[in-house]
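Take a look at the structure set out below.
The values are calculated or read from the model by the stated rules, or taken from the named source; none is laboratory data. Just so we're clear, the structure is a prediction, and the values are computed from it rather than from any experiment. No Cβ is skipped: glycine too gets one built from the backbone with ideal geometry, and neighbour counts run over all protein chains shown. The protein model used for the area step is the full one, side chains on, heavy atoms only, and it has no ligands, DNA or RNA in it. Shrake-Rupley method; radii C 1.70, N 1.55, O 1.52, S 1.80 Å.
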Amino acid sequence: MTWDGFAAQYWGRRPTRLTAPSPLDAARAHELVVESAEPFRAGTVYRALPKVRLHTSRGWLGAPGRLLPDAEDKSAQQYLARVGGELDVPGLLLSVRQPLHLDHGVWTAVRDELAGLWRAVGWPSLPVESELTEAEQFTWDRGMGAPCEHAVLIWVLDGAMEVELRPEAGHAPIELVASTGELLYWPEGYRSRERYPQRCVALRVQVPRARHLVTAAVRTLLADAVHERLGHDGSVPLLPFPAPTTPDGPTAVAPELARVGEAAGAALAEGGPARALRARWAALRSAAGLDPAPPPRPSAPPAAGRRFKVVEEIVRIPDGPGRWIWAVGGHSFPVGGAAGKRIAEQLTVGRELTVAELCHAVGADEHNTAVPALLGKLAGLRAVEMLDERGQE
């Protein structure tokens, strides 16, 4: 089934299981799991992505050490067999959240697959979370506590899994079973229980759908704008009580709190949060929602005679008179001046030309430095590939 057909029949309507080849195979997924686990061998690492957690039937292990996979575990099957023999309780699940940015090729493959769906249903305005899991003889009740605020897509890369979905009260539970090469989907609003009676490797994608998640994202941007204007020494003011009153009787707003409110109003009036939202949206659009994105690669402005090929779409969003936000591969940056539009018109996917030819096409002379600098940035973001004299990468 195509993504258009999926969108028409299932998206936002009802759960389903479909045959759908994954953009990632189980072997490469396991390599990413091993790479992600390496920093966690000495203990839990907080505020880090990827985020690795090992769960057993008796709870999460905060410092799993050698129970995490390493280079000697050549596959998920080998890893699960080893750790299953070392644990004194049955069942385990290894969760790796947000691992895709470690490998640009994998990240791009998943992004391109998701882009097909977003073209049918609309592009996500908040980050889409990815997760790799390796599990066996494990039941995961994490989705039973409250209705899910995300739409969920799970590709089964190897093995099999079962899902019990509970809709609103008064409706019967839904049971879904999927095996290698199949995709599970359910919309937001369901409670879920996942069971892994046998070995299973899966790629999970969660798409934010609850309205309050948008509010939280905007609040964070506004808080960052206020912090930028005021700074913060880390302290919270202590206020007198009863609070002082003004000569006409009302209680005055505490000056420290009033300053924050005034800074928020000034930031909104000057458009800082709006510009940040546009830049964030452009970056997410170019990444099909996947965040974080792989870091840029090293690059430098190319010489005038260097030939290059445009290999990625460049997302462009207007940002006021003569200003644009460009985004590629999850990274956005501002481009100003009338030449930006002319340059963008020349950079269509699949086109090959030299730096000098591009300069000539947009009316820049041979001494221009802005065009090579922009191409160097685009090369770092993998939107263009520099070619040799024979036109090869």
Condition check: more than 20 Å from the chain's Cα centre (by Cα) and at pLDDT below 85. Does P197 satisfy that?
no
Select, from S22, S75, the only residue that is open to solvent by 10 Å² or more (accessible area, probe 1.4 Å), of a type in the set (S, T, Y) and at pLDDT 95 or above.
S75
Tell me, yes or no, whether the range 117-124 has at least one residue that is over 18 Å from E194 (Cβ atoms), modelled with pLDDT of 95 or more and among the basic types (K, R).
yes
Would you call A202 within 15 Å of L132 (Cβ to Cβ), in a strand (DSSP E or B) and open to solvent by less than 20 Å² (accessible area, probe 1.4 Å)?
yes
Here the residues within the range 9-30 that are part of a helix (DSSP H, G or I) and touching a residue at least 60 places away in the same chain (Cβ under 8 Å) are A26, R28, A29, H30
What pairs can you find where one residue is in the range 303-328 and surrounded by 17 or more Cβ atoms within 10 Å (Cβ to Cβ), the other is part of a loop (DSSP other than H, G, I, E, B) and of a type in the set (S, T, N, Q), and their Cβ atoms are less than 8 Å apart, with a gap of 6+ or different chains?
V310/T348
Residues of the range 332-347 being modelled with pLDDT under 95, open to solvent by less than 70 Å² (accessible area, probe 1.4 Å) and assigned to a loop (DSSP other than H, G, I, E, B), which ones?
G337
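For the condition of a type in the set (D, E) and open to solvent by 50 Å² or more (accessible area, probe 1.4 Å), what is the one hit in E366, E385?
On inspection, the qualifying residue turns out to be E366.
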Of the criteria (1) exposed (fewer than 15 other Cβ atoms within 10 Å of the Cβ); (2) at pLDDT 95 or above, which one D248 fails:
(2)
Taking only pairs six or more apart or across chains, which ones have beta-carbon atoms under 9 Å, a first residue in the range 329-354 that is on the phi > 0 side of the Ramachandran plot, and a second residue that is open to solvent by 40 Å² or more (accessible area, probe 1.4 Å) and part of a loop (DSSP other than H, G, I, E, B)?
G329/P296; G329/R382; G330/D291; G337/G322; G350/V311
Inspect all residues belonging to the range 225-232 and state whether any of them is open to solvent by 30 Å² or more (accessible area, probe 1.4 Å) and part of a strand (DSSP E or B).
no
For the range 89-111, indicate whether the set of residues that are among the acidic types (D, E) and under 30 Å from S286 (Cα atoms) is non-empty.
yes
